[in-house]
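A short write-up of the structure that comes next.
No value in this document is a laboratory result; all are computed from the given coordinates. This one's a predicted model, so the numbers in the text were calculated from it and none came from an experiment. Counting neighbours? That spans all protein chains shown, and the Cβs are built from the backbone with ideal geometry, glycine included.
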Amino acid sequence: SIPLGYFGGIGAASRNGILLKGSDYLDQLRKMNILFMDKTGTLTEGTFEVQTVTTHNGLSEAEVIAYAASLEQHSTHPIGKAILSFKNGQELFEVEQQQEVSGKGLKGFIKHKEVLVGNAELLKERGVKVTQDNLSEPYTFVHVAVDGEHAGTIRISDKIKEDSKQTIQELRERGIQRMIMLSGDNPDVVSFVANELGLDEAHGGLLPDEKYSLVEQALGKGNTVGFIGDGVNDAPVITLADVGIAMGGIGSDATVDTADVVIQTDQPSKVAKAIDISRFTHKVVW
Ligand code: ADP
Ligand code: MG
């Protein structure tokens with residue numbers, strides 16, 4: 001049977017906007033010593049804004065944006081939303097075919113030309129020579145290629161959440177020995193954010209299965225491993241972790257369904273709160 005104190009813990013959590021999918025996770029939260037964290041939308045706002053557009057091969061800025069926005073039309077990715085809101089009334093092209101390339105961007109056809117919108121890796125693997133410009137800055141660069149040529153670079157910024165830095169300190173005080181950020185984003189952005197926050201480790205340019213294997217390697221060996229993320233791509237790794245935490249839950253998508261702990265706001269500080277509740281419950285029960 002479940003000790004009554006656990007119900008108190010689950011109730012206290014829920015009053016704080018933290019949903020626990022069972023009393024086991026109260027114990028797991030208390031024991032958690034390694035925490036993997038997604039960057040975009042978890043430690044940063046995840047609301048991107050287009051800063052500048054650089055052109056490389058004669059196409060205009062407006063054309064580069066039009067190609068990118070056309071492919072991003074139905075994208076739910078924060079990058080896609082940023083590009084669409086930047087295009088500002090400009091007409092879009094008819095898209096003949098469009099496909100997501102997981103963790104890299106989008107590819108498709110417009111006016112019989114192949115169009116790529118995504119990171120440098122996406123362009124390189126399709127044989128497009130990438131024109132470099134100031135890439136070691138803490139921005140996300142979205143490259144646009146048309147017909148095998150690098151046509152433009154869209155520089156996009158995000159912001160670190162207000163409570164992220166404080167949260168990292170609080171988690172350290174609560175026994176998390178290693179905090180590791182995992183991201184598909186530009187490695188320069190990733191190390192910039194990791195330095196600002198004082199994380200132990202950070203990996204950028206990762207594909208979803210690379211995130212998965214990094215978490216997998218940390219499991220066992222007496223560790224209790226947590227992962228916190230918000231994206232649809234994060235569902236497998238949330239399932240894999242001992243404590244899978246979904247952030248900003250609205251109740252129905254795959255990420256929330258597979259999570260052990262759901263944080264109903266977008267505040268990472270709720271993880272520290274959840275640990276406090278799990279520790280307090282433990283004292284009451286034992
Ligand atoms: P994260 O780990 O930050 O959630 P994702 O796996 O969603 O990152 O994406 C990794 C990278 O792939 C992005 O930083 C971006 O460079 C590129 N990318 C992904 N989706 C898109 C998109 N819809 N448009 C442009 N670029 C994209
Ligand atoms: Mg993501």
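Between the helical axis of 78-87 and the longest alpha-carbon principal axis of the chain there is an angle of about 40 degrees. Any of K165/K273; K81/K111; K129/K165; K81/K159; K129/K159; K165/K211 with alpha carbons more than 26 Å apart? Name them for me. Where the Cα-Cα span goes over 26 Å, the pairs concerned are K129/K165; K129/K159. Near E216: Cβ cut-off under 13 Å, other residues only, Lys/Arg at +1 and Asp/Glu at -1. The net charge is -1. Taking every Cα-Cα distance in the range 177-286 and sorting them into 10 Å bins from zero, the calculated P(r) comes out as 14, 41, 37, 7, 1 percent. Of F141, F280, the sequence from fewest to most neighbouring Cβ atoms within 10 angstrom is F280, F141. Fewest neighbouring Cβ atoms within 10 Å first, the residues K211, K161 line up as K161, K211. Only alpha carbons enter this Debye calculation for the range 49-157, each as an equal point scatterer, and the log10 of I(q)/I(0) it gives at q = 0.15 Å⁻¹ is -0.52. Charge tally for F86 (other residues, Cβ to Cβ under 12 Å; Lys, Arg +1; Asp, Glu -1): 0.
DSSP beta bridges confined to the range 145-286 are antiparallel in about 15 percent of cases. Here L214, L122 are placed in order of increasing Cβ neighbour count within 10 Å, fewest first, which gives L214, L122. Computed over the chain, the percent of Cα pairs more than 27 Å apart is 43.
Fully extending the segment from N88 to T47, taken as 0.36 nm per residue of separation minus the present Cα-Cα distance, adds 13.1 nm.
Helix 164-173 axis versus longest C-alpha principal axis of the chain: approximately 30°, rounded to the nearest ten. Principal-axis analysis of the Cα atoms of the chain puts helix 4-15 at an angle of about 30° to the longest axis.
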